[in-house]
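The values are calculated or read from the model by the stated rules, or taken from the named source; none is laboratory data. Everything numeric here is computed off the predicted structure, so don't read it as measured data. Reconstructed Cβ throughout: ideal geometry from the backbone, glycine too, with neighbour counts over all protein chains shown. Just the protein is used for accessible areas: all its heavy atoms, side chains included, with ligands, DNA and RNA removed. Shrake-Rupley method; radii C 1.70, N 1.55, O 1.52, S 1.80 Å.
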Amino acid sequence: LPHEAAQHWRWRQFLFTDVLFEVADGVGKATLNRPQQMNALTLDMIRALDDKLAEWAKDSAIRAVMIHGAGDKAFCAGGDIRALYDAKKNGNERLLSEFFWHEYRLDYRIATYPKQLIAVMDGLTMGGGAGIGLNAPVRVATERVVFSMPECAIGLYPDIGAAHFLQRCPGEIGMFLALTGLRLRTAGLYYCNLVTHTIPSERIGRLMPESLSIDNMTTRTADISKLQPAIDVCFGLNSVDAIITALENRNDPGSNDSLSLLRRGSPTSLKVTFEHMKRMRGKTLADVLKQDWRISRHMMAGTEFFEGVRALLIERDNAPKWNPATRSEVSEAIVNRYFEKLPDEPDLDLKL
(Lines give C-alpha, C1' and ligand atoms only; values in the text may rest on other atoms or scores of the structure.)
Protein backbone atom coordinates (compact mmCIF):
# COMPACT_ATOMS: atom_id res chain seq x y z
CA LEU A 1 0.00 0.00 0.00
CA PRO A 2 2.75 2.54 0.76
CA HIS A 3 4.29 1.79 -2.64
CA GLU A 4 0.92 2.23 -4.37
CA ALA A 5 0.32 5.50 -2.51
CA ALA A 6 3.72 6.81 -3.63
CA GLN A 7 2.99 5.83 -7.22
CA HIS A 8 -0.38 7.57 -7.03
CA TRP A 9 1.25 10.78 -5.76
CA ARG A 10 3.89 10.74 -8.53
CA TRP A 11 1.18 10.15 -11.15
CA ARG A 12 -0.92 12.96 -9.70
CA GLN A 13 2.06 15.32 -9.88
CA PHE A 14 2.64 14.30 -13.48
CA LEU A 15 -0.96 15.18 -14.37
CA PHE A 16 -1.02 18.40 -12.34
CA THR A 17 -1.19 21.47 -14.59
CA ASP A 18 -2.50 24.19 -12.25
CA VAL A 19 1.10 25.41 -11.90
CA LEU A 20 3.45 25.02 -14.87
CA PHE A 21 7.21 24.85 -14.51
CA GLU A 22 9.99 25.27 -17.05
CA VAL A 23 13.68 26.09 -17.05
CA ALA A 24 15.50 28.00 -19.80
CA ASP A 25 18.86 29.78 -19.83
CA GLY A 26 19.31 29.14 -16.13
CA VAL A 27 16.00 30.74 -15.18
CA GLY A 28 13.20 28.78 -13.56
CA LYS A 29 9.74 29.96 -14.55
CA ALA A 30 6.60 29.09 -12.57
CA THR A 31 3.21 29.98 -14.02
CA LEU A 32 0.01 29.92 -11.99
CA ASN A 33 -2.28 28.25 -14.49
CA ARG A 34 -5.98 28.60 -13.66
CA PRO A 35 -6.83 31.57 -15.88
CA GLN A 36 -10.57 30.82 -15.88
CA GLN A 37 -10.49 31.14 -12.07
CA MET A 38 -8.21 34.21 -12.16
CA ASN A 39 -5.37 31.90 -11.07
CA ALA A 40 -6.91 31.58 -7.59
CA LEU A 41 -4.71 29.50 -5.30
CA THR A 42 -5.61 26.01 -4.17
CA LEU A 43 -3.72 24.03 -1.55
CA ASP A 44 -2.29 21.79 -4.28
CA MET A 45 -0.98 24.86 -6.15
CA ILE A 46 0.61 26.25 -3.00
CA ARG A 47 2.35 22.97 -2.22
CA ALA A 48 3.48 22.40 -5.80
CA LEU A 49 5.00 25.88 -6.04
CA ASP A 50 6.66 25.60 -2.64
CA ASP A 51 8.15 22.20 -3.48
CA LYS A 52 9.52 23.44 -6.80
CA LEU A 53 11.02 26.59 -5.28
CA ALA A 54 12.76 24.44 -2.66
CA GLU A 55 14.12 22.19 -5.41
CA TRP A 56 15.32 25.10 -7.56
CA ALA A 57 17.00 26.75 -4.57
CA LYS A 58 19.37 23.76 -4.38
CA ASP A 59 19.96 23.53 -8.14
CA SER A 60 23.23 25.26 -9.01
CA ALA A 61 22.20 25.44 -12.68
CA ILE A 62 19.37 27.85 -11.84
CA ARG A 63 20.42 31.44 -11.22
CA ALA A 64 17.01 33.12 -10.92
CA VAL A 65 13.29 32.36 -10.66
CA MET A 66 10.31 34.17 -12.16
CA ILE A 67 6.65 33.73 -11.17
CA HIS A 68 3.89 34.58 -13.65
CA GLY A 69 0.13 34.21 -13.91
CA ALA A 70 -1.47 32.64 -16.99
CA GLY A 71 -3.66 34.81 -19.21
CA ASP A 72 -3.96 38.59 -19.25
CA LYS A 73 -6.68 39.06 -16.61
CA ALA A 74 -4.93 38.12 -13.39
CA PHE A 75 -1.59 37.39 -11.82
CA CYS A 76 -3.55 35.80 -8.97
CA ALA A 77 -6.85 37.04 -7.56
CA GLY A 78 -6.26 35.39 -4.17
CA GLY A 79 -6.92 32.11 -2.47
CA ASP A 80 -9.70 29.84 -3.67
CA ILE A 81 -12.10 30.95 -0.95
CA ARG A 82 -14.95 28.93 -2.42
CA ALA A 83 -12.91 25.81 -1.61
CA LEU A 84 -12.47 27.04 1.96
CA TYR A 85 -16.20 27.72 2.24
CA ASP A 86 -17.01 24.23 1.00
CA ALA A 87 -14.45 22.72 3.38
CA LYS A 88 -16.17 24.38 6.33
CA LYS A 89 -19.58 23.25 5.11
CA ASN A 90 -18.36 19.66 4.73
CA GLY A 91 -16.48 19.57 8.04
CA ASN A 92 -13.05 19.37 6.39
CA GLU A 93 -11.10 21.12 9.15
CA ARG A 94 -7.84 19.72 7.84
CA LEU A 95 -8.02 21.80 4.66
CA LEU A 96 -8.85 24.93 6.67
CA SER A 97 -5.68 24.39 8.67
CA GLU A 98 -3.30 23.15 5.99
CA PHE A 99 -4.19 25.86 3.47
CA PHE A 100 -2.97 28.72 5.66
CA TRP A 101 -0.04 26.77 7.13
CA HIS A 102 1.42 26.02 3.69
CA GLU A 103 0.46 29.38 2.20
CA TYR A 104 2.31 31.36 4.85
CA ARG A 105 5.38 29.11 4.58
CA LEU A 106 5.35 29.67 0.80
CA ASP A 107 5.14 33.44 1.30
CA TYR A 108 8.10 33.27 3.68
CA ARG A 109 10.13 31.15 1.25
CA ILE A 110 9.46 33.68 -1.51
CA ALA A 111 10.52 36.63 0.65
CA THR A 112 13.72 34.94 1.86
CA TYR A 113 14.66 33.11 -1.34
CA PRO A 114 18.44 32.63 -1.72
CA LYS A 115 18.40 33.45 -5.45
CA GLN A 116 16.94 36.34 -7.41
CA LEU A 117 13.17 35.87 -7.38
CA ILE A 118 10.94 38.02 -9.57
CA ALA A 119 7.14 38.21 -9.41
CA VAL A 120 5.64 39.51 -12.66
CA MET A 121 2.23 40.94 -11.78
CA ASP A 122 -0.08 41.46 -14.74
CA GLY A 123 -3.79 41.91 -14.00
CA LEU A 124 -5.62 41.28 -10.73
CA THR A 125 -3.29 40.84 -7.76
CA MET A 126 -5.30 40.43 -4.59
CA GLY A 127 -5.22 38.60 -1.27
CA GLY A 128 -3.13 35.45 -1.60
CA GLY A 129 -1.86 36.69 -4.97
CA ALA A 130 -0.41 39.73 -3.21
CA GLY A 131 1.18 37.30 -0.76
CA ILE A 132 3.19 35.85 -3.62
CA GLY A 133 3.71 39.04 -5.59
CA LEU A 134 4.35 41.65 -2.92
CA ASN A 135 6.51 39.47 -0.68
CA ALA A 136 8.87 38.79 -3.59
CA PRO A 137 12.22 40.61 -3.46
CA VAL A 138 11.75 41.87 -7.05
CA ARG A 139 8.19 43.03 -7.77
CA VAL A 140 7.30 43.88 -11.37
CA ALA A 141 3.96 45.42 -12.35
CA THR A 142 2.49 46.05 -15.78
CA GLU A 143 -0.04 48.73 -16.71
CA ARG A 144 -2.82 46.15 -16.23
CA VAL A 145 -2.22 45.55 -12.53
CA VAL A 146 -5.09 46.01 -10.08
CA PHE A 147 -4.09 45.46 -6.44
CA SER A 148 -6.38 45.22 -3.45
CA MET A 149 -6.63 43.65 -0.01
CA PRO A 150 -10.46 43.43 0.23
CA GLU A 151 -10.59 40.95 3.11
CA CYS A 152 -12.54 43.09 5.59
CA ALA A 153 -15.48 43.07 3.16
CA ILE A 154 -15.67 39.27 3.35
CA GLY A 155 -15.22 38.94 7.09
CA LEU A 156 -11.51 38.14 6.98
CA TYR A 157 -8.46 40.45 7.41
CA PRO A 158 -5.37 41.22 5.31
CA ASP A 159 -3.13 38.24 6.03
CA ILE A 160 -0.26 36.71 3.95
CA GLY A 161 2.23 39.14 5.51
CA ALA A 162 0.32 42.27 4.45
CA ALA A 163 0.89 43.89 7.84
CA HIS A 164 4.59 43.73 6.92
CA PHE A 165 4.68 44.72 3.25
CA LEU A 166 2.12 47.52 3.75
CA GLN A 167 4.68 49.13 6.06
CA ARG A 168 6.52 50.17 2.89
CA CYS A 169 3.72 52.62 2.13
CA PRO A 170 4.26 56.30 3.00
CA GLY A 171 2.47 57.75 6.00
CA GLU A 172 -0.73 55.98 7.03
CA ILE A 173 -1.53 54.59 3.58
CA GLY A 174 -0.81 51.02 4.71
CA MET A 175 -3.49 51.22 7.42
CA PHE A 176 -5.84 52.87 4.91
CA LEU A 177 -5.40 50.11 2.33
CA ALA A 178 -5.79 47.35 4.93
CA LEU A 179 -9.07 48.71 6.27
CA THR A 180 -10.72 49.95 3.07
CA GLY A 181 -9.49 47.48 0.45
CA LEU A 182 -9.12 50.37 -2.01
CA ARG A 183 -7.84 49.24 -5.39
CA LEU A 184 -4.50 50.56 -6.60
CA ARG A 185 -3.21 50.52 -10.14
CA THR A 186 0.37 50.73 -11.34
CA ALA A 187 1.00 54.38 -10.49
CA GLY A 188 -0.38 53.90 -7.00
CA LEU A 189 1.64 50.74 -6.37
CA TYR A 190 4.81 52.50 -7.46
CA TYR A 191 4.07 55.55 -5.32
CA CYS A 192 3.44 53.30 -2.31
CA ASN A 193 6.78 51.48 -2.72
CA LEU A 194 4.95 48.20 -3.22
CA VAL A 195 6.56 47.39 -6.57
CA THR A 196 10.18 47.76 -7.65
CA HIS A 197 9.70 47.88 -11.43
CA THR A 198 6.96 48.83 -13.89
CA ILE A 199 6.99 47.52 -17.46
CA PRO A 200 4.61 47.44 -20.43
CA SER A 201 2.70 44.16 -20.63
CA GLU A 202 3.99 43.64 -24.18
CA ARG A 203 7.46 43.03 -22.71
CA ILE A 204 6.43 40.11 -20.49
CA GLY A 205 7.21 37.42 -23.07
CA ARG A 206 10.77 38.73 -23.53
CA LEU A 207 11.44 39.56 -19.89
CA MET A 208 14.61 38.11 -18.37
CA PRO A 209 16.27 38.98 -15.06
CA GLU A 210 19.11 40.89 -16.69
CA SER A 211 16.71 42.97 -18.82
CA LEU A 212 14.91 44.47 -15.85
CA SER A 213 14.93 48.23 -15.61
CA ILE A 214 12.65 50.74 -13.96
CA ASP A 215 10.57 51.73 -16.99
CA ASN A 216 8.37 54.05 -14.98
CA MET A 217 5.44 54.34 -17.35
CA THR A 218 3.42 56.22 -14.75
CA THR A 219 3.47 59.66 -16.33
CA ARG A 220 0.69 61.05 -14.14
CA THR A 221 0.72 61.50 -10.39
CA ALA A 222 -0.82 58.59 -8.52
CA ASP A 223 -4.30 59.45 -7.26
CA ILE A 224 -3.44 58.05 -3.85
CA SER A 225 -0.79 60.76 -3.42
CA LYS A 226 -3.48 63.43 -3.57
CA LEU A 227 -5.41 61.68 -0.80
CA GLN A 228 -2.42 61.11 1.46
CA PRO A 229 -2.69 64.30 3.57
CA ALA A 230 -6.24 63.40 4.62
CA ILE A 231 -5.32 59.72 4.99
CA ASP A 232 -2.46 60.59 7.33
CA VAL A 233 -4.74 62.70 9.53
CA CYS A 234 -7.66 60.27 9.74
CA PHE A 235 -6.01 56.84 9.58
CA GLY A 236 -3.34 57.79 12.10
CA LEU A 237 -5.96 57.99 14.84
CA ASN A 238 -6.12 55.46 17.67
CA SER A 239 -9.22 53.42 16.78
CA VAL A 240 -11.53 52.44 13.94
CA ASP A 241 -14.31 54.47 15.57
CA ALA A 242 -12.10 57.57 15.71
CA ILE A 243 -11.17 57.12 12.02
CA ILE A 244 -14.80 56.87 10.97
CA THR A 245 -15.81 59.91 13.06
CA ALA A 246 -12.99 61.96 11.53
CA LEU A 247 -14.03 60.98 8.01
CA GLU A 248 -17.67 61.84 8.75
CA ASN A 249 -16.63 65.27 9.98
CA ARG A 250 -14.63 66.00 6.83
CA ASN A 251 -17.56 65.41 4.45
CA ASP A 252 -15.55 65.62 1.21
CA PRO A 253 -15.68 63.19 -1.76
CA GLY A 254 -12.52 61.29 -0.80
CA SER A 255 -13.63 60.89 2.81
CA ASN A 256 -17.11 59.82 1.73
CA ASP A 257 -15.64 57.19 -0.59
CA SER A 258 -13.50 55.88 2.27
CA LEU A 259 -16.53 55.70 4.54
CA SER A 260 -18.43 53.73 1.91
CA LEU A 261 -15.62 51.18 1.74
CA LEU A 262 -15.32 50.93 5.52
CA ARG A 263 -19.05 50.40 6.00
CA ARG A 264 -18.93 47.33 3.79
CA GLY A 265 -16.58 45.61 6.20
CA SER A 266 -17.34 43.24 9.03
CA PRO A 267 -17.12 45.19 12.32
CA THR A 268 -15.00 42.39 13.78
CA SER A 269 -12.69 42.33 10.75
CA LEU A 270 -12.17 46.09 10.86
CA LYS A 271 -11.21 46.08 14.53
CA VAL A 272 -8.99 43.00 14.29
CA THR A 273 -7.27 44.44 11.21
CA PHE A 274 -6.65 47.78 12.91
CA GLU A 275 -5.17 46.07 15.97
CA HIS A 276 -3.04 43.72 13.85
CA MET A 277 -1.62 46.56 11.77
CA LYS A 278 -0.88 48.57 14.92
CA ARG A 279 0.80 45.67 16.77
CA MET A 280 2.93 44.66 13.78
CA ARG A 281 4.52 48.04 13.10
CA GLY A 282 8.27 47.57 12.98
CA LYS A 283 7.98 43.77 13.17
CA THR A 284 9.63 41.31 10.80
CA LEU A 285 7.78 39.29 8.18
CA ALA A 286 8.28 36.20 10.33
CA ASP A 287 6.62 37.95 13.27
CA VAL A 288 3.70 38.99 11.08
CA LEU A 289 3.16 35.57 9.51
CA LYS A 290 3.20 33.86 12.89
CA GLN A 291 0.51 36.25 14.11
CA ASP A 292 -1.39 35.82 10.83
CA TRP A 293 -1.51 32.10 11.56
CA ARG A 294 -3.09 32.62 14.97
CA ILE A 295 -5.67 35.10 13.70
CA SER A 296 -6.57 32.92 10.70
CA ARG A 297 -7.10 29.86 12.86
CA HIS A 298 -9.51 31.84 15.05
CA MET A 299 -11.33 33.12 11.96
CA MET A 300 -11.67 29.66 10.46
CA ALA A 301 -13.22 28.52 13.74
CA GLY A 302 -15.70 31.40 13.63
CA THR A 303 -18.50 32.48 11.32
CA GLU A 304 -17.70 35.94 9.90
CA PHE A 305 -15.59 34.82 6.94
CA PHE A 306 -18.06 32.16 5.86
CA GLU A 307 -20.99 34.57 6.14
CA GLY A 308 -19.08 37.09 4.03
CA VAL A 309 -18.34 34.50 1.34
CA ARG A 310 -21.97 33.36 1.37
CA ALA A 311 -23.30 36.89 0.91
CA LEU A 312 -20.82 38.14 -1.67
CA LEU A 313 -19.84 35.04 -3.65
CA ILE A 314 -22.28 32.16 -3.08
CA GLU A 315 -25.81 33.54 -2.78
CA ARG A 316 -24.71 37.04 -3.82
CA ASP A 317 -27.40 38.87 -1.90
CA ASN A 318 -24.71 41.38 -0.82
CA ALA A 319 -26.31 41.50 2.62
CA PRO A 320 -23.98 39.77 5.07
CA LYS A 321 -25.38 39.31 8.56
CA TRP A 322 -22.33 40.15 10.62
CA ASN A 323 -22.18 38.92 14.21
CA PRO A 324 -21.51 41.13 16.13
CA ALA A 325 -23.50 43.44 13.88
CA THR A 326 -22.07 46.76 15.06
CA ARG A 327 -18.65 48.10 15.99
CA SER A 328 -19.83 48.96 19.50
CA GLU A 329 -20.52 45.27 20.12
CA VAL A 330 -16.95 44.27 19.21
CA SER A 331 -15.28 44.66 22.57
CA GLU A 332 -11.56 44.88 23.28
CA ALA A 333 -11.78 41.41 24.83
CA ILE A 334 -13.26 39.98 21.62
CA VAL A 335 -10.47 41.52 19.55
CA ASN A 336 -7.73 40.35 21.88
CA ARG A 337 -8.86 36.73 21.63
CA TYR A 338 -7.88 36.66 17.96
CA PHE A 339 -4.24 37.20 18.97
CA GLU A 340 -4.07 34.35 21.45
CA LYS A 341 -2.58 30.95 20.74
CA LEU A 342 -5.24 28.32 20.21
CA PRO A 343 -5.19 25.47 22.73
CA ASP A 344 -3.43 22.32 21.52
CA GLU A 345 -2.30 23.96 18.26
CA PRO A 346 1.32 24.65 17.29
CA ASP A 347 2.51 28.08 16.30
CA LEU A 348 3.54 28.51 12.67
CA ASP A 349 6.88 26.84 11.91
CA LEU A 350 8.95 28.89 9.46
CA LYS A 351 12.00 26.62 9.42
CA LEU A 352 12.05 25.74 5.73
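Within the set of pairs 6+ apart or on separate chains, which have a first residue in the stretch 48-67 that is under 14 Å from residue 107 (Cα atoms) and free of Cβ contacts under 8 Å to residues at least 60 places away in the same chain, a second that is surrounded by fewer than 20 Cβ atoms within 10 Å (Cβ to Cβ) and of a type outside the set (A, V, I, L, M), and C-beta atoms under 8 Å apart?
What qualifies is 48/13; 48/16; 48/18; 50/102; 50/109; 52/21.
State all residues of the stretch 320-352 that are under 24 Å from the mean Cα position of the chain (by Cα) and more than 20 Å from residue 272 (Cα to Cα); if no residue qualifies, say none.
345, 346, 349, 350, 351, 352
For residues that are of a type outside the set (D, E, K, R), in contact with a Lys or Arg (Cβ under 9 Å, 6 or more places away or on another chain) and in a loop (DSSP other than H, G, I, E, B), tally how many sit in the stretch 54-69.
So the count comes out to 1.
Given the criteria open to solvent by 30 Å² or more (accessible area, probe 1.4 Å), touching a Lys or Arg at 6+ places or on another chain (Cβ under 9 Å) and in a loop (DSSP other than H, G, I, E, B), does residue 72 qualify? So that I can check it myself, show each step before the final result.
Working: open to solvent by 30 Å² or more (accessible area, probe 1.4 Å): yes; touching a Lys or Arg at 6+ places or on another chain (Cβ under 9 Å): yes; in a loop (DSSP other than H, G, I, E, B): yes.
Yes.
Only one of these is among the polar types (S, T, N, Q) and at pLDDT below 95: 318, 336. Name it. It would help to see each step written out before you state the result.
Numbers: 336 fails: at pLDDT below 95.
The conditions single out 318.
Need pairs with beta-carbon distance below 7 Å; first residue at positive phi and within the stretch 187-203, second modelled with pLDDT of 90 or more; sequence gap 6+ or separate chains.
If the second residue must be modelled with pLDDT of 90 or more, the pairs left are 193/168; 193/169.
Taking helices (runs of 4 or more DSSP H) that fall entirely within the stretch 162-214, which contain at least 3 residues that are touching a Cys at 6+ places or on another chain (Cβ under 8 Å) and open to solvent by less than 40 Å² (accessible area, probe 1.4 Å)?
Numbers: elements: 162-165, 173-180, 186-191.
Filter on the stretch 162-214 gives 173-180.
Can you list the strands (runs of 3 or more DSSP E) found entirely within the stretch 86-142 that contain at least 3 residues being within 17 Å of residue 289 (Cα to Cα) and open to solvent by 40 Å² or more (accessible area, probe 1.4 Å)? Can you show your working first?
Values: elements: 116-121, 124-126, 138-141.
In the stretch 86-142, no matching strands (runs of 3 or more DSSP E) lie anywhere.
Before we move on, is residue 273 open to solvent by 10 Å² or more (accessible area, probe 1.4 Å) and either among the hydroxyl-bearing types (Ser, Thr, Tyr) or touching a helix residue (DSSP H, G or I) at 6+ places or on another chain (Cβ under 6 Å) (or both)? Break it down stepwise before answering.
Working: open to solvent by 10 Å² or more (accessible area, probe 1.4 Å): no; either among the hydroxyl-bearing types (Ser, Thr, Tyr) or touching a helix residue (DSSP H, G or I) at 6+ places or on another chain (Cβ under 6 Å) (or both): yes.
No; evaluated as a whole, the condition is false for this residue.
If the requirement is being open to solvent by less than 70 Å² (accessible area, probe 1.4 Å), in a helix (DSSP H, G or I) and in contact with a Pro (Cβ under 7 Å, 6 or more places away or on another chain), which of these qualifies: 286, 311? Steps first, answer last, please.
Working: 286 fails: in contact with a Pro (Cβ under 7 Å, 6 or more places away or on another chain).
Testing whether each residue is open to solvent by less than 70 Å² (accessible area, probe 1.4 Å), in a helix (DSSP H, G or I) and in contact with a Pro (Cβ under 7 Å, 6 or more places away or on another chain) leaves just 311.
Does any residue in the stretch 227-244 that is touching a residue at least 12 places away in the same chain (Cβ under 8 Å) come within less than 6 Å, Cβ to Cβ, of a residue that is open to solvent by 60 Å² or more (accessible area, probe 1.4 Å) and assigned to a loop (DSSP other than H, G, I, E, B) six or more places away or on a different chain, and which pairs are these?
Once the first residue is touching a residue at least 12 places away in the same chain (Cβ under 8 Å) and sits in the stretch 227-244, its partners that are open to solvent by 60 Å² or more (accessible area, probe 1.4 Å) and assigned to a loop (DSSP other than H, G, I, E, B) give 243/237.
Considering each residue of the stretch 328-340, count those that are under 18 Å from residue 244 (Cβ atoms), open to solvent by 70 Å² or more (accessible area, probe 1.4 Å) and either assigned to a loop (DSSP other than H, G, I, E, B) or touching a Lys or Arg at 6+ places or on another chain (Cβ under 7 Å) (or both), and give that number.
0
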